Amino acid sequence: MKNFAFAAAVLAASAGMAAAQTYTINFNTDAAGNTIAANSVIANQYAAWGATFSANPLSGASGDGTNNWATNTNMQAVSTTGGDVGALGVGAPSGLGNILRSITGWSAENGTPNFRIDFTNGATGSLSMLFLGVAGGYTPTRFRPGFDVYDASNNLLGNVRAGNTSATSAQNLSVTFSGTAAYAIVVPGTFTDWVGVDNITFTNIPTPGSLALLGLAGIAAGRRRR
């Protein structure tokens, strides 16, 4: 019986470790592998992976003395092979397909654009994303494209901002953190420019319920063998 209990515990622990999964959101296909049509609004296409998107989490003054946070940030999967996407920038990878961006450019917003990614199962380890069309001259630093990572109690786990280059560029930004991330706030540039976002990579955390089910499955299998 003791051997069985030990084996069941090992099985459940192994299954739990295997259940943690790293995903990359590329806005070309959704979590089920279905093609995302160009100009689609991004919201729940990756809910099955534990990530949902929402616009305009920030409100009030954005702090630059001239603009407020936008109330009409328009997040769409915009094709890089056609339409009004502008220059992707120095060092941008080829073959990106769709990127996350307003179809008419972030500058169509009525303030500094921002959006939120909720990690419904929690995220661990690190978060990274590619920013395209990053320009120079951001003042202050917090208005450079980048993101902040928070836990469920709204504690800041880490943040990153793009380098203030003199030319339009592509920059992959990453944050490594301890603890469990509940959400990230993304600021893709300022009111006067546009920046595209792509290749958002994160590792989710399996829910306790799923681990319990895996453990019960192992116990049931052991009992059938007896």
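The values are calculated or read from the model by the stated rules, or taken from the named source; none is laboratory data. Please read these numbers as outputs of a predicted model, since none were measured by experiment. Cβ: placed from backbone, ideal geometry, glycine included. Neighbour counts: every protein chain shown. Heads up: the accessible areas ignore ligands, DNA and RNA and are worked out on the full protein's heavy atoms, side chains in. Shrake-Rupley method; radii C 1.70, N 1.55, O 1.52, S 1.80 Å.
For this structure, a couple of remarks:
- Scope the range 33-59; condition open to solvent by 50 Å² or more (accessible area, probe 1.4 Å) and in a strand (DSSP E or B); matching residues: T35, V41
- Failed item in (1) assigned to a strand (DSSP E or B); (2) at pLDDT below 90, with Y183 passing the rest: (2)
- T112 modelled with pLDDT of 75 or more, among the hydroxyl-bearing types (S, T, Y) and within 16 Å of N199 (Cα to Cα): no
- Residues that are within 24 Å of A48 (Cα to Cα), in contact with a Gly (Cβ under 6 Å, 6 or more places away or on another chain), of a type in the set (D, E) and at pLDDT 80 or above occur at least once in the range 134-154.
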